[in-house]
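Q: Structure below; questions to follow.
The values are calculated or read from the model by the stated rules, or taken from the named source; none is laboratory data. These numbers were taken from a predicted model, which means no experiment stands behind them. Cβ placement follows ideal geometry from the backbone for every residue including glycine, while neighbour counts extend to all protein chains displayed. Only protein heavy atoms, including side chains, enter the accessible area calculation; ligands, DNA and RNA are left aside. Shrake-Rupley method; radii C 1.70, N 1.55, O 1.52, S 1.80 Å.
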Amino acid sequence: FFFLFLIGNINIWFSNSRGEHSAWHQAFNNRVWKSSSKLMRIQISIQVFMESILDTFINFCGGATQVSKESSISHAILMFGFGSFILILTASYTASLASFLTIPVNVGYTYNMDEAVENNLKICAQNELNETII
């Protein structure tokens, strides 16, 4: 979730007046922002931040990155990095799940020494314990 928080902040930072998220840029550069009180500015900041986090979360869960022709180069670079992160995350998750299928299941588990002796299993121990085991 830290990554989503970070990307949400960077999305706002890289927004510009002509890109896909131009409303975020305009929220901090219009007359309402310049003439508003400190409380109103905090409210606008929280609203824009929450929209950015929601947009980032939707892209993350959908496994998508949105880059349009109107987006700035900085936004495209950011989304490329985000897409790379999603690719690595899903690949490692898939590999982790696949590894469970390749690990052999331990069928003949021995619970105590008596079972090991009954099944004639090899018991590895230090030489000093030889008299105690036998």
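Q: Please state which of the following conditions C124 fails to meet, knowing it meets all the rest: (1) within 30 Å of I10 (Cβ to Cβ); (2) open to solvent by 100 Å² or more (accessible area, probe 1.4 Å).
A: Every condition holds for C124 apart from (1).
Q: What about F85, is it at pLDDT 75 or above and assigned to a helix (DSSP H, G or I)?
A: Yes, satisfied.
Q: Let me ask you something else. State all residues of the range 86-105 that are open to solvent by 90 Å² or more (accessible area, probe 1.4 Å), aliphatic (A, V, I, L, M) and over 17 Å from F3 (Cα atoms); if no residue qualifies, say none.
A: Passing the criteria: L101, I103, V105.
Q: Please verify whether N11 is assigned to a loop (DSSP other than H, G, I, E, B) and not aliphatic (A, V, I, L, M), treating the condition exactly as stated.
A: no
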